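Peer 1: Take a look at the following structure, please.
Values in this text are rule-based calculations from the coordinates and carry no lab data. All values derive from a computational prediction rather than experimental measurement. Counting neighbours? That spans all protein chains shown, and the Cβs are built from the backbone with ideal geometry, glycine included.
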Amino acid sequence: MTEVTTRTGRGNSPSAGRGRSQRGMWHAALWIGPAMVVMLFVFAYALVQLFTQSFKYQGEWTGWDNFRIVLTDPLFHTALAHNCELLLCVPVLIALALMLAIVLAETIKGHTWFRGVLFFPYILPVTVVGVVLGQLLTLNGAFNTALRDVGLNVLAQDWLGDPAIALWTMGGVIVWKEVGFGVVLFLARILSLPAETYEAASLDGAGFWRKHWSITLPQMTGVIAFYAVTEAIVMVSWVFNYVYIMTNGQGGPGDSTVVTELYIYRMAFADHSIELAAAAAVVLFALTLVLVVAFFRLQRKSLLAVVGE
């Protein structure tokens, strides 16, 4: 009995546990390693080439000259301003997705069907969304025709042809497509909250708005921060497809819908100024990196607040 106990104790010793853990790590590294090496090579090589090219012109080192040209180009200022204006869609997305998620959480009948309808635009390819809505929103498209048929002629606009509203039309299309992602995120978080808390609040006389303001919102700060930063990155560096498809690659009318990605595309493939395109891409990369760092800082603060409580 003593011998069996001794052997069993030796088998469960901390050193044996560490050995199994190390073997598991080596096995995981063996399987993951090749893919990680390929990914690091692809992305690291691309980034190194991008940064190197941004400091050169026709193979000669020029220092910061490319950045000076880009940062003083009025068209780049216009493109950057348009990205900043599209950032205003982020709070709209958060408010709309949160409201829809709360309504779906409170709805008993048909919530699965409505959830699918709201999420469906998000899974559609951007090319499909751009082509279809680009046709619907023309001056004589189906949307304006429907408005005229119901006597709302005053609301019919040249949604993509009027420079004053073309960018906001683009923002509306992006909101329509992206809101489903937020609804699913927020709804999953709301459904994970304990129902007893809401029941206790109802017994204390809390109404619909009071319950969600005092219970739901404080529990969703992390999810809201994640969604906000994700959509901010979309507005800064993922709107090229919408603009290119819906304006036939022109960013029009005029320069009313030009964004930084389209500016980079023009520099690289239309003007054949690869170095200037690289410099603009580095600036865009830096802005996106700032948003990512801001997200991790927000996440860290929220975690520290939870631990402090």
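Peer 1: Name the helices (complete DSSP H segments) of the chain with a Cα length along the long axis of 30 Å or more and a Kyte-Doolittle mean of at least 1.0, or state none.
Peer 2: The answer, listed by residue number, is 166-192, 274-308.
Peer 1: If we restrict to alpha carbons, what Rg and Dmax does the range 129-185 come to, in Å?
Peer 2: So, for the range 129-185, Rg and Dmax equal 12.7, 38 Å respectively.
Peer 1: Another question about this same structure. Along the range 204-217, what does the Karplus equation 6.51 cos²θ - 1.76 cosθ + 1.60 (θ = phi - 60°) give for ³J(HN,Hα), rounded to whole Hz, x for Gly and Pro?
Peer 2: Whole-Hz 3J(HN,Hα) from phi for the range 204-217: 7, x, 6, x, 4, 5, 5, 4, 6, 6, 8, 10, 5, 4.
Peer 1: Under a GNM of the chain (C-alpha, springs under 10 Å), which listed residue has the highest mean-square fluctuation: Leu40, Leu187, Leu98?
Peer 2: Leu40
Peer 1: Related question: Alpha carbons only, please: Rg and Dmax for the chain, in angstrom.
Peer 2: 26.2, 94
Peer 1: Follow-up question, since we're still on this one. Multiply the residue gap between Val292 and Ala35 by 0.36 nm, knock off their C-alpha separation, and tell me the result in nm, one decimal place.
Peer 2: 90.1 nm
Peer 1: 7 Å from Cα along Cα→Cβ at both Gln49 and Tyr122: what's the point-to-point distance in nm?
Peer 2: 3.4
Peer 1: Return Ser192, Ser202 ranked ascending by Cβ neighbour count within 10 Å, so the fewest neighbours appear first.
Peer 2: Result, fewest neighbours first: Ser192, Ser202.
Peer 1: Return Val259, Val292, Val126, Val154 ranked ascending by Cβ neighbour count within 10 Å, so the fewest neighbours appear first.
Peer 2: Val154, Val292, Val126, Val259
Peer 1: Once amide H atoms are built 1.01 Å from N in the peptide plane, which residues 5 or more positions from Tyr57, or in another chain, come under 5 Å H to H?
Peer 2: Hits under the 5 Å cutoff: Thr62.
Peer 1: Starting from the Cα-Cα distance between Ala95 and Gln219, subtract it from 0.36 nm times their residue separation and give me the gain in nm to one decimal.
Peer 2: Extra length available between Ala95 and Gln219 comes to 43.1 nm.
Peer 1: Quickly work out the Asp271-to-Val132 label distance, labels modelled 7 Å from Cα along the C-beta direction, and quote it in nm with one decimal.
Peer 2: 3.6
Peer 1: Just check the range 187-292 against the gyration tensor rule for me: Cα atoms, a ≥ b ≥ c as the square roots of the eigenvalues, rounded for a/c under 1.5, and otherwise prolate or oblate depending on whether a/b exceeds b/c.
Peer 2: Prolate is the answer for the range 187-292, as a/c is 1.5 or above and a/b outweighs b/c.
Peer 1: Let me have the 222 nm mean residue ellipticity of the chain computed from DSSP H runs of 4+ only, each contributing -39500 (n - 2.57), with the sum over all residues rounded to the nearest 500.
Peer 2: Value at 222 nm, helices only: -24000 deg cm²/dmol.
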